[in-house]
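Reviewing the structure listed below.
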Amino acid sequence: MSIQTVALESLLDNIEQVIVGKREVARLLLVALLCEGHVLLEDVPGVGKTLLAKTLAASLNCSFRRLQFTPDMLPGDITGSHVFNQHTADFEFRPGPVFANVLLADEINRATPRTQSALLEAMEERQVSVDGVTMPLPRPFVVAATQNPIELEGTFPLPEAQLDRFLLKVNVGYPDEDEEARILLRFAASDPLPDVHGVVDSEQLQAWQRQRGDVRVADDVRTYLLRLVRATRGHADLELGASPRASLALYRACQAWAVVEGRDYVIPDDVKRLAAPVLTHRLILSASARLRGASAEAVVERLTQEMPVPVEVE
């Protein structure tokens, strides 16, 4: 086992000091970190979405800010704004919570689409423009957003343009009976989160991100990945298929998954494993498919089952 793999496993172990039974979800968060991509944690209230994001941030020796989204929030509450300073008789910029290495956008779909869109430039270009002035964000910059299903009262669906900027959408899910019993025991006396200490700093994280770019992807695996993504375009059940940004996101995510697995090359199973979390939130079902009760997850699963898999990998 390489030194890098040991370090990644220690980061996962650190997260598991608080989070019970969600190691696979934590591995997907590592994929987002290695890609410097953003992750959307979606599920019903109370399954640990916010706690998972906070534990991840606590495990990193990086700057962290939490922003609770509400219906009355304004774009300036995210990016910051210019405020008049009476002592200097001039306007000075006060940076918002977005100026951090890790931003927890808690319950992001409780804010209006206008406010949600304030994150678009930051998520894509790692910069913020306020009153005609453009300012770079610290690197690495990762948004970990949580949301409740849009069917719940008091929520707004995220704009398609913003959904496309999330590398992954991850469903946390309910714990099984044994895991829930362990949660009761772990949190019975006190909250273990304050005892979590950072085990990875920003320099180490950026080094891992550079190594992710060196992971080899064989020609036949790359072709398999592209055919899978392109199959969503023009699919009978889809009004909107995956974009070229989705192809690149899946490519990078597969490289990162290989690193987490301790490999320097991508295999077809990596593509199949990450197709759903990378692609489903970027797809829009047709009206007829919605009437039949179809889902984007089912479409992607069917495509991964039907698409011929390359047999030999370099």
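Computed from the coordinates by the stated procedures, all read-outs in this text should not be read as laboratory data. Just so you know, these numbers come straight off a predicted model, no measurement behind them. For neighbour counting, all protein chains shown are included, and Cβ atoms are generated from backbone atoms with ideal geometry for every residue, glycine included.
Structure summary
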{"item": "Efficiency of FRET from Cβ geometry, LEU226 and SER129, R₀ 35 Å, rounded to 0.05", "result": "0.55"}
{"item": "Relative contact order computed over the chain (Cα-Cα under 8 Å; 6+ residues apart), in percent", "result": "22 percent"}
{"item": "Under 5 Å, built H, 5+ apart or other chain: amide partners of VAL142", "result": "VAL102, LEU103"}
{"item": "Segment ASP72-ALA287, length gained on full extension (0.36 nm per residue, minus Cα span)", "result": "74.2 nm"}
{"item": "Cα gyration tensor shape for region 178-314, rounded if a/c is under 1.5, else prolate or oblate", "result": "oblate"}
{"item": "Estimated FRET transfer efficiency (LEU248, ALA89; beta-carbon r; R0 35 Å; 0.05)", "result": "0.15"}
{"item": "Under 5 Å, built H, 5+ apart or other chain: amide partners of ARG216", "result": "TYR265, VAL266"}
{"item": "Efficiency of FRET from Cβ geometry, ARG65 and ARG263, R₀ 30 Å, rounded to 0.05", "result": "0.30"}
{"item": "Under Karplus coefficients 6.51, -1.76 and 1.60, residue-wise ³J(HN,Hα) of region 287-301 in Hz, glycine/proline x", "result": "4, 5, 5, 5, 5, 7, x, 6, 9, 5, 4, 5, 5, 5, 4"}
{"item": "When the chain is reduced to its Cα atoms, the Kirkwood hydrodynamic radius in Å", "result": "20.7 Å"}
{"item": "Computed magnitude of the charge dipole of region 213-309 (debye, nearest 20; Cβ of K, R +1, Cβ of D, E -1)", "result": "300 debye"}
{"item": "Residue order, fewest to most beta carbons within 10 Å, for ARG94, ARG210", "result": "ARG210, ARG94"}
{"item": "Phi to ³J(HN,Hα) by Karplus 6.51 cos²θ - 1.76 cosθ + 1.60 over region 184-189, Hz, x for Gly, Pro", "result": "4, 5, 5, 9, 5, 8"}
{"item": "Net charge dipole size for region 19-172 [Lys, Arg +1 and Asp, Glu -1 on Cβ; Debye, nearest 20]", "result": "620 debye"}
{"item": "Label point distance in nm, ALA207-ALA161, each placed 7 Å from Cα along Cα→Cβ", "result": "3.9 nm"}
{"item": "GNM flexibility winner over the chain from GLU297, GLU177, GLU16 (Cα, springs under 10 Å)", "result": "GLU177"}
